[in-house]
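This report concerns only the one structure given below.
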Amino acid sequence: MTTLVSDFRSDTVTKPTAKMRRAMAEAEVGDDVYGEDPTVRRLEERTAEVLGKEAALFVPTGSMGNQLSLRVHARSGTEVILEGRSHIFHYEMAGMAALSGLLPRPVDAPRGRMTKEQVAAWIRPETVYYLPRTSVLALENTHNFAGGAVVPRSVIDPLLALAAEKGLRTHLDGARLWNAAAALGVSEASLAAGFDSVMTCFSKGLRAPVGSAVAGSKAFIAEARRVRKLFGGGMRQSGVIAAAALVALEDERQRLPEDHVRAKKLAEGLAGISGISLDVMAVETNIVFFFLEGEWGDSAAVTAKLKSRGVLAGAAAANSIRMVTHADVGDADVDRALRAFSEIAKGH
């Protein structure tokens with residue numbers, strides 16, 4: 001079988017840079033449960049600065065960051081309004097229910113961009129005692145399952161205003177907020193402004209091997225630290241991994257537009273192949289979702305054929321595929337992927 005050289009499954013498959021590996025080897029460390037790891041502290045302070053928040057907390061995973069944020073914000077038995085294809089709803093093992101007794105209230109929205117009217121329709125009236133209370137509004141930016149769609153301030157601001165009016169807490173799943181900021185040419189802080197909490201990942205797009213962070217007010221982070229421990233996320237000499245995340249934060253964000261350009265190139269090439277349905281204009285960042293029509297068959301079978309040609313992609317559903325560009329795939333990889341699709345389309 002052909003050596004696997006072009007991995008488009010996710011931007012989490014990247015390998016840490018040599019600079020990251022050196023930083024990990026040389027990291028100054030301490031016991032973070034005691035608050036004594038200086039490298040973790042530096043990462044948290046810098047993350048808070050980049051996101052425009054008072055404080056931040058280093059966590060092992062983005063899912064933990066999302067879930068501990070919801071736990072801090074909401075009381076058991078209340079509802080969380082979120083978009084129907086969001087990561088929190090689909091890919092976090094029903095965590096909000098299992099860990100915090102929260103009920104998701106999904107709202108389906110094109111491109112993952114909920115409207116004020118859609119959200120308002122599901123905010124429970126306080127006057128009806130037998131209905132659950134609404135506690136949190138959660139957004140995702142970029143929106144993974146909407147094809148890496150960016151959620152701009154023109155969408156965010158009316159939702160935050162509504163949440164403030166109704167007394168709801170707000171959380172931003174910003175796992176790929178770096179990509180949203182790069183696509184819009186704005187700062188991450190400008191997109192995080194107004195949210196009570198924001199989570200973002202250092203391992204998505206920024207090449208760090210592991211790690212995420214949540215940010216918010218000092219009071220929120222103080223409580224989030226307690227919940228992190230409750231959820232099993234208290235780490236010891238975690239400066240070893242925080243060091244790589246710190247390098248990622250400082251060095252990798254400016255490179256992200258390259259991934260967006262390659263995603264667009266990939267999308268344009270795929271759109272020209274018969275039986276592939278794809279809206280090229282909808283590709284805004286580094287994620288390309290597309291549908292297989294006609295004789296292409298099941299997406300799992302297609303990804304198996306791609307694998308035999310040295311290209312890895314993700315079967316998102318029975319007839320759809322997700323491909324993600326990142327630092328470890330270049331122009332040659334995009335060309336290889338397009339050749340593989342063309343060969344499969346021709347029955348070779």
- Among the candidates L256, L266, residue that is within 30 Å of E343 (Cβ to Cβ), out of contact with any Lys or Arg (no Cβ under 6 Å at 6 or more places or on another chain) and either buried (at least 19 other Cβ atoms within 10 Å of the Cβ) or in contact (Cβ under 8 Å) with a residue 60 or more places away in the chain (or both): L266
- Assuming I221 fulfils every condition listed in (1) surrounded by fewer than 20 Cβ atoms within 10 Å (Cβ to Cβ); (2) in a helix (DSSP H, G or I) apart from one, which condition is it? (1)
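Residue-wise test of (1) in contact with a helix residue (DSSP H, G or I) (Cβ under 7 Å, 6 or more places away or on another chain); (2) not charged (D, E, K, R).
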{"position": "F202", "(1), (2)": "yes, yes"}
{"position": "R207", "(1), (2)": "yes, no"}
{"position": "A219", "(1), (2)": "no, yes"}
{"position": "A224", "(1), (2)": "yes, yes"}
{"position": "V240", "(1), (2)": "yes, yes"}
{"position": "L246", "(1), (2)": "yes, yes"}
{"position": "E250", "(1), (2)": "no, no"}
- Message: For the condition among the aliphatic types (A, V, I, L, M) and touching a His at 6+ places or on another chain (Cβ under 7 Å), what is the one hit in A149, A161?
- Response: A149
- Query: Can you tell me which residues in the range 199-218 are in a loop (DSSP other than H, G, I, E, B) and under 26 Å from A18 (Cα atoms)?
  - Reply: F202, S203, K204, G205, L206, R207, A208, P209, V210, G211
- Selection count, the range 91-107, where residues are within 18 Å of the chain's Cα centre (by Cα) and surrounded by fewer than 15 Cβ atoms within 10 Å (Cβ to Cβ): 3
- Message: If I filter the range 167-177 for residues that are in a helix (DSSP H, G or I), within 17 Å of the chain's Cα centre (by Cα) and within 20 Å of K53 (Cα to Cα), do I get at least one hit?
- Response: yes
- Message: Of the residues L160, L139, L177, only one is touching a Gly at 6+ places or on another chain (Cβ under 9 Å), under 21 Å from V324 (Cβ atoms) and either among the hydrophobic types (A, V, I, L, M, F, W, C) or surrounded by fewer than 17 Cβ atoms within 10 Å (Cβ to Cβ) (or both); which?
- Response: L139
- Message: Within the range 129-144, does at least one residue satisfy the condition of being among the basic types (K, R), more than 16 Å from the chain's Cα centre (by Cα) and within 27 Å of T285 (Cα to Cα)?
- Response: no
- For the range 72-83, state whether one or more residues are in the same structural domain as A120 (by TED's automatic domain parsing) and either modelled with pLDDT under 95 or within 15 Å of the chain's Cα centre (by Cα) (or both). yes
- Message: Please verify whether S63 is hydroxyl-bearing (S, T, Y), assigned by TED's automatic domain parsing to the domain that holds G174 and either assigned to a helix (DSSP H, G or I) or buried (at least 22 other Cβ atoms within 10 Å of the Cβ) (or both), treating the condition exactly as stated.
- Response: yes
- Item | Filter result for G234 (part of a loop (DSSP other than H, G, I, E, B) and out of contact with any Asp or Glu (no Cβ under 6 Å at 6 or more places or on another chain)) | yes
- Message: Could you check the range 140-150 and list, in sequence order, the residues that are closer than 11 Å to R85 by Cα and in a strand (DSSP E or B)?
- Response: E140, H143
- What number of residues within the range 14-47 satisfy the criterion of being touching a strand residue (DSSP E or B) at 6+ places or on another chain (Cβ under 8 Å) and either in the same structural domain as N286 (by TED's automatic domain parsing) or loosely packed, with under 14 Cβ neighbours inside 10 Å (or both)? 1
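The values are calculated or read from the model by the stated rules, or taken from the named source; none is laboratory data. Being a predicted model, the structure only gives us computed values, none of them experimental. Using ideal geometry, Cβ is built from the backbone for each residue, glycine included, and neighbour counts are taken over all protein chains shown.
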